[in-house]
1. Which one of GLN34, THR120, ILE96 has its Cα pushed farthest toward the positive end of the charge dipole of the chain, where Lys and Arg give +1 and Asp and Glu give -1 at the Cβ?
2. Just the Cα atoms of the chain, one point each, no solvent: what log10 I(q)/I(0) does Debye give at q = 0.10, 0.17, 0.18 Å⁻¹?
3. Spin-label point model (7 Å from Cα, Cβ direction): what's the PHE117 to LEU157 distance in nm?
4. Whole-Hz ³J(HN,Hα) for each residue in the stretch 63-76, computed from phi via Karplus 6.51 cos²θ - 1.76 cosθ + 1.60 with θ = phi - 60°, x for glycine and proline: what do you get?
5. Using a simple spin-label model with points 7 Å from Cα along the Cα→Cβ vector, what separation in nm is obtained for ILE104 and TYR80?
6. Order of LYS164, LYS28 from fewest to most other C-beta atoms within 10 Å?
7. May I ask you to sort THR16, THR95 by Cβ crowding, counting other Cβ atoms within 10 Å and putting the fewest first?
8. Compare PHE152, PHE121, PHE182 in a GNM of the chain, Cα atoms joined below 10 Å, and give the one with the largest fluctuation.
Amino acid sequence: MSVNSETLDLTHVDRTLAQQVTPGRWEKMLSCIQCGTCTASCPAAHAMDLSPRRMWRMVQLGMTEEVLRSRSIWLCSLCYTCHVRCPRGIPLTETIVRLKELAIERGIVSSPQSGAFYRTFAEVMRRYGRMREVEFMARYFLASSPLAALGFARLGLTMLARGKIGLELPRLGGEGRLDRLFQRVAELEAQR
């Protein structure tokens, strides 16, 4: 199915994707008026293969494969700017998170690096309750492409020399503090 409006057959629109990614509020997703505020607000829109506005339209139309195979869902930094500025109050950031989860569940990841980044970020946050950049990057490169780390070695050393990152963060008592939260999320996901 093409996104081109001349070829869309709206009589056979599949609402399943909207229902899957915005459970209990999928009608809200269908209320999108295509104003473009999400795309204009998105700091990563310039790098996306599908603009946020186009992606939401594709979700409305049930174009599951096309949306899950796009790089756009992985480029979202979850900054909530689109969510905050949406005139309809559509939970766009939550929807992006669910699209990422759905893609991982189905084994559809636009690149291995995207899935590795997402999983590594979540694991480091779960363990410490905050980001530990050096550990995150080490785990990410080990999971995705160890040789790619060489291209960032100089940048890492420069940041270390300038005090922008440290080898060890001070202990703040945060280790394991998010375990209950992650456990509860896992329980809720199992109920889906």
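Derivation of every value follows stated rules applied to the coordinates shown; laboratory data play no part. Being a predicted model, the structure only gives us computed values, none of them experimental. Reconstructed Cβ throughout: ideal geometry from the backbone, glycine too, with neighbour counts over all protein chains shown.
1. After comparing all options, I get THR120.
2. -0.50, -1.22, -1.30
3. Computed distance between label sites PHE117 and LEU157 equals 2.5 nm.
4. Once rounded to whole Hz, the list reads 8, 4, 4, 5, 5, 5, 8, 6, 7, 4, 5, 7, 7, 5.
5. 2.1
6. Least crowded to most crowded, the residues run LYS164, LYS28.
7. Listing THR16, THR95 from fewest to most nearby Cβ atoms yields THR16, THR95.
8. With Cα springs under 10 Å in the chain, the top fluctuation among PHE152, PHE121, PHE182 is at PHE152.
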